[in-house]
Amino acid sequence: MDTKITLTKGFQYVTFAMMAIGIAVIAYSFFTDPTRAWANFLLNNYMFLSIAIGASFFIALQYISQSGWSAMFKRVPEAMMSYIPYAGILMLLLFFGMHSIYHWTHEDALATDTLIQHKAPYLNIPFFFIRMIVFFLAWVLMTRLIRNASLNEDKVGGRSFFEKSELLSKIYIFILAITFSFATFDWIMSIDVHWFSTLFSLKNFVAAFLHGTATVVLVVIILHQRGFYKEMNKSHLLDFSRYVFMLSIVWGYFAFSQFMIIWYGNIPEETEYFAHRWNSGFKVIFYVNFFINWFLPFVLLLPQVLNKNIKVVKAVVIILIFGQYLDLYEQIFPGVMHHPVFGITEVGFFIGFAGLFLFIFAKALTAVPLIPKNHPYLDESLHHHLH
Amino acid sequence: MNKNHIIGVFDDEDSLMSAVHEVKEKGFEIWEIFTPYPIHEVIEAMGKKTRFTFAAFIYGFLGAAGVLSFMYYTAVIDWPINYGGKPTNAFPSFIVVTIVITILTVTLASLFTFSLRAKIYPGKAYILPDARSTDDKFVMVFDKSKQSSGSGDLESILLNKGAVEVYEKELQPQI
């Protein structure tokens, strides 16, 4: 059974057009407003990186929990994690935008600000990029190993590849827990250099997992509606929607915990983060963020009538992808731009990065057959049935 | 002794389910099925629907609304106190209590609803046709008086579908 998808010329041209629009807008905005351009650059690159990371965590969890139902979909998250090296190269370009985004890189701030001096052994430009390179090398290495084991399983067969993948996944989630935490501290939290939160990395990790899973679900649903994944049934859909439902609750839990503890403690050096996000026009985003990342999925995926309906699930995951944009906008823009901005720059950056992500993802997805061949749980996945 | 019930004992879920579908097709009426663990397919096959999840949702909704309005009444309307300069309607700090009370409401209300609906209470006399259904056997029970055709047919169907044992028995409440 050959289940390979052909990558159509039309799709490629669409992604090229998206990238072209993106490049045009990016070039224009770097000349007119470099600070805003760098904020957009960080937001979009981090967003698509976190989708790839979330997808890789999703597949690692499927191996560790030895889940049967998801075996036939594993090519989708696998293809998504092939974006990680490209995100790494783009992230290195941040070197030229450090001064625009990060206050702690300013010499005059370092000279007078004792808190920045105190953090200087950790927050300095060389160490920042050493960490970045280490993180990306670890992620690229581990995702490559997992992907290769999975592809070799198709060619050779046998249970040894599954066992190897499971071991690799176990190692990977430990690496990911540490590296991704520090990555969010470095790239996102250090924008507001005086502020700190230990829940921050956990919240962002869950956000990556939630939105990575949402993207996987969206792609699977689109492929199913286009006539691929013929074996997909209501049971698979219910499992996917439960996954998204559960993760949106966890996201809401961590996002609220971080806010509530700071609000209740009411210590100035902590509340300044939210004070900043409640004033100068950002307050709407704070509420809308909770509304679309927690409340909408919670209410829409709760009744069985809705969470077994493919159109509802599709709508929810599309909303969640914009929810992630909003979540990151709330974390990055108040610290860099100080007042809400939204216009052609933001849209153009998003389209450009989305085009790049889609192109790389589609290349990786179409390179190999859509449904794996020798996965030990494949049969269970094809005949998955819940009551 | 009046042996008024037919009891079929099965080794596994699959043969039980195929027997259930077969006897339903032949028009026999199943009195009750006893299984070691809950099987949703059995509930569906017996033609029983549950509105339990909806009831649980209502309890949760009422619990959340109730505890929020209670806290609002006590902290804002009846006895406002200034805690560290916070507004008296300290909504974010109400949320944790709301979650916990909601879970408690749902749990207790569901427990009582189930007990009422299933008429189960401590010390109730129970009917257990075959004690092995609490271990590893799947047991189907038929009321002999309610079957239109002969019990001989039923017995052969059950044995055909993989019953390890079919016998007749009078059911008596045990304490």
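The values are calculated or read from the model by the stated rules, or taken from the named source; none is laboratory data. These numbers were taken from a predicted model, which means no experiment stands behind them. Note that each Cβ is placed from the backbone with ideal geometry, even for glycine, and that neighbours are counted across all protein chains shown.
Quick notes on this one:
- Condition check for A:Leu247: touching a residue at least 24 places away in the same chain (Cβ under 8 Å), touching a Pro at 6+ places or on another chain (Cβ under 9 Å) and more than 14 Å from chain B (Cβ to nearest Cβ): yes
- Residues that are over 28 Å from A:Val250 (Cα atoms) and either within 13 Å of chain A (Cβ to nearest Cβ) or out of contact with any helix residue (DSSP H, G or I) (no Cβ under 7 Å at 6 or more places or on another chain) (or both) within the stretch B:88-117 comprise B:Phe112, B:Phe114, B:Ser115, B:Leu116, B:Arg117, listed in sequence order.
- Tally, over the stretch B:34-66, of residues that are touching a Ser or Thr at 6+ places or on another chain (Cβ under 8 Å) and either over 22 Å from B:Lys146 (Cβ atoms) or without any contact (Cβ under 8 Å) to a residue 24 or more places away in the chain (or both): 11
- When A:Asp2 is tested against (1) in contact with a helix residue (DSSP H, G or I) (Cβ under 7 Å, 6 or more places away or on another chain); (2) at pLDDT below 90, just one condition goes unmet, and that condition is (1).
- In a residue-by-residue description of the stretch B:19-33, the property of being within 30 Å of A:Ile262 (Cβ to Cβ), in contact (Cβ under 8 Å) with a residue 24 or more places away in the chain and not polar (S, T, N, Q) applies to no position.
- The single condition among (1) in a helix (DSSP H, G or I); (2) of a type in the set (Phe, Trp, Tyr); (3) more than 12 Å from chain A (Cβ to nearest Cβ); (4) under 19 Å from the mean Cα position of the chain (by Cα) that B:Tyr121 does not satisfy is (1).
- Top-ranked residue of the stretch A:229-244 - restricted to ones that are over 22 Å from the mean Cα position of the chain (by Cα) and surrounded by 16 or more Cβ atoms within 10 Å (Cβ to Cβ), ranked as nearest to the other protein chains (Cβ to nearest Cβ): A:Leu238
- Set A:Phe286, A:Phe291, A:Phe322, A:Phe357: member being aromatic (Phe, Trp, Tyr), under 20 Å from the mean Cα position of the chain (by Cα) and buried (at least 21 other Cβ atoms within 10 Å of the Cβ): A:Phe357
- The stretch A:254-294, subset touching a residue at least 40 places away in the same chain (Cβ under 8 Å), of a type in the set (A, V, I, L, M, F, W, C) and out of contact with any Leu (no Cβ under 8 Å at 6 or more places or on another chain), residue farthest from the other protein chains (Cβ to nearest Cβ): A:Phe282
- Count of the stretch A:191-219 residues which are buried (at least 22 other Cβ atoms within 10 Å of the Cβ) and closer than 15 Å to A:Val312 by Cβ: 2
- Condition check for A:Gly348: more than 14 Å from every other protein chain (Cβ to nearest Cβ), within 30 Å of A:His99 (Cβ to Cβ) and buried (at least 16 other Cβ atoms within 10 Å of the Cβ): yes
- When residues of the stretch B:6-43 are limited to those that are surrounded by 12 or more Cβ atoms within 10 Å (Cβ to Cβ) and among the acidic types (Asp, Glu), the one nearest to the other protein chains (Cβ to nearest Cβ): B:Glu41
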